[in-house]
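The values are calculated or read from the model by the stated rules, or taken from the named source; none is laboratory data. On a predicted model such as this, the values are computed, not experimentally measured, just so you know. Every residue, glycine as well, gets a Cβ built from its backbone with ideal geometry; the counts of neighbours run over all protein chains shown. Side chains included, ligands, DNA and RNA excluded: accessible areas come from the protein's heavy atoms. Shrake-Rupley method; radii C 1.70, N 1.55, O 1.52, S 1.80 Å.
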Amino acid sequence: MNERDDSKSGSNQMWGGRFAEGPSAIMREINASIPFDKALWRQDITASKAHVAMLGAQGIVSAEDAATITTGLDRVAAEYEAHGVPENWDLEDIHMTTESRLAELIGPVAGRLHTARSRNDQVATDFRLWVREAMEQADAGLHALQVALVTRADEHADSIMPGFTHLQTAQPVTLGHHLMAYYEMAARDRSRFADARARMNQSPLGAAALAGTGFPIDRHATAAALGFDAPTRNSLDSVSDRDFALDYLMAAAQTALHLSRLAEEFIIWASQPFGFVRLPDSLSTGSSIMPQKKNPDAAELVRGHAGRIVGCLTSLMITMKGLPLAYSKDMQDDKPPVFEAAGLLTLCIAAMTGMVEATTFRTDRMRAAAELGYATATDLADWLVRQAGIPFREAHHITGSAVKLAESRGIALDQLPLADLQAIDARVDERVYAALSVEASVAARASYGGTAPEQVKARVAEARVALGLE
């Protein structure tokens, strides 16, 4: 029996028939990034135009060649805009694809564009520009979400609902107060994106492959042209740094966690046992078999997408964890997780913004639920402290006895006769009933940042100013 000699056949059975050309086909496929980094074409054109303008201003290329290259880049951009970026895997990436098409359009002068730069600083610059735009997009989306939250909170500053700890009824709160809690989360998310944007806003263009260049370039000029605050200060770090991408993903992951929490609230509130909300039809689906169903699929997908976004962060962290200076090909894998996370985050923010804007809050159901579960028990204990001078721990014990009695009779605390309350502790008098309604409970929480309607309205007013609505 003759065995096949794969070393001579040009293929290898371990790799299968897909790679008919042998190892070179594998290298071509693993090396090409054009299927995903074509998303950087606008940034690549923009950075290239800034670079060639600087080359012309410095006399490194002639003014005529600089003008020809710029016009050619505009033609390439117009083609991409009209027809998309072609995927020729032999050209590997967006940078070589653009340079190749430029050469077809303007001839050998296209080769002067790459003077005094490398694909290493080129991709670092393009990717920074893309991530910076993604940060700005996230901030704009979160601003819209905050506006929706503030608007609905203003409508419901005095709408009473149960507040929960451990998903058990704890104390009455207002719906406006609850919504404003998510406004605060979104504010912190926006601050993280703002911090990350400020930190990453330095230009690596001109760092070249890793050591800088011998040409008399003006890195401050290209940095300014691209909207950066300054050029990066170390060429090795310039081409190997992906902290800006990790910063984006960290902020995106935290935002996704907050959106997931808000989505979970709507999922619970929409369930029949709660019935606190009617979700908009536009963000719900039906069942293929049960005609009565209205499923909160958009909210569930926001909740699910949070896991994917956190996974994107983990992916890039693991990619970067052990790389020596300067550039390594591992870093080609930096873009897919960022692109994926950005797409998912944009969808999630938009979905939850729409849900907050269009949901019908069933405040009658919320108020009825707040009256269950002895949510005003703490108010009884507080009353005993304030009016009877009883230490809180003793008041807590007295209140527990009152709750136990009311529970045994299946009635609310404020339905217990005064005689029964006085039998538990003689220091209770008729004034206690004024403290036991849910309205009195929320009104009493008037400390700064509390749930009292006056406090909610004050926070809403502050938020409207912060958001530029006033």
Exercise. Would the stretch 228-245 turn up any residue that is modelled with pLDDT of 95 or more, open to solvent by 50 Å² or more (accessible area, probe 1.4 Å), under 27 Å from the mean Cα position of the chain (by Cα) and over 30 Å from residue 318 (Cα atoms)?
Worked result: no
Exercise. Consider residue 164 against the criteria (1) within 27 Å of the chain's Cα centre (by Cα); (2) in a helix (DSSP H, G or I): it satisfies all of them except one. Which criterion is unmet?
Worked result: (2)
Exercise. Would a scan of the stretch 363-375 turn up a residue that is over 30 Å from residue 302 (Cβ atoms), assigned to a helix (DSSP H, G or I) and aliphatic (A, V, I, L, M)?
Worked result: no
Problem set entry | Test: residue 399 is under 43 Å from the mean Cα position of the chain (by Cα) and either open to solvent by less than 50 Å² (accessible area, probe 1.4 Å) or hydroxyl-bearing (Ser, Thr, Tyr) (or both) | no
For this session: Please tell me if residue 30 is within 19 Å of residue 95 (Cβ to Cβ) and in contact with a helix residue (DSSP H, G or I) (Cβ under 8 Å, 6 or more places away or on another chain).
Result: no
Exercise. Residues in the stretch 438-449: is at least one at pLDDT 90 or above and open to solvent by less than 20 Å² (accessible area, probe 1.4 Å)?
Worked result: yes
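So which residues in the stretch 356-377 are over 38 Å from the mean Cα position of the chain (by Cα) and open to solvent by 80 Å² or more (accessible area, probe 1.4 Å), if there are any at all? Please lay out each step first, then the result.
Filtering the stretch 356-377 down to residues over 38 Å from the mean Cα position of the chain (by Cα) leaves 377.
Once the filter is applied, which keeps residues that are over 38 Å from the mean Cα position of the chain (by Cα) and open to solvent by 80 Å² or more (accessible area, probe 1.4 Å), the stretch 356-377 yields nothing.
Give the number of residues within the stretch 378-396 that are among the small types (Gly, Ala, Ser) and open to solvent by 20 Å² or more (accessible area, probe 1.4 Å). Spell out how you get there, then give the answer.
Going residue by residue through the stretch 378-396, those that are among the small types (Gly, Ala, Ser) are 381, 388-389, 395.
Applying the additional criterion that residues be open to solvent by 20 Å² or more (accessible area, probe 1.4 Å) yields 388-389.
Summing the residues that are among the small types (Gly, Ala, Ser) and open to solvent by 20 Å² or more (accessible area, probe 1.4 Å) in the stretch 378-396 gives 2.
Residues are listed down the side, and each one gets a yes or a no for (1) buried (at least 20 other Cβ atoms within 10 Å of the Cβ); (2) over 32 Å from the mean Cα position of the chain (by Cα); (3) in contact (Cβ under 8 Å) with a residue 60 or more places away in the chain:
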| position | (1), (2), (3) |
| --- | --- |
| 54 | yes, yes, yes |
| 69 | yes, yes, no |
| 79 | no, yes, no |
| 95 | yes, no, no |
| 104 | no, yes, no |
| 115 | no, yes, yes |
| 138 | yes, no, yes |
| 144 | no, no, yes |
| 157 | yes, no, yes |
Exercise. For residue 406, are the conditions met, namely being open to solvent by 30 Å² or more (accessible area, probe 1.4 Å) and among the aliphatic types (A, V, I, L, M)?
Worked result: no
For this session: Identify, from the list 441, 447, the residue that is assigned to a loop (DSSP other than H, G, I, E, B) and farther than 21 Å from residue 149 by Cβ.
Result: 447
Exercise. So is residue 153 crowded, with 24+ Cβ neighbours inside 10 Å, farther than 30 Å from residue 55 by Cα and in contact (Cβ under 8 Å) with a residue 12 or more places away in the chain or not?
Worked result: yes
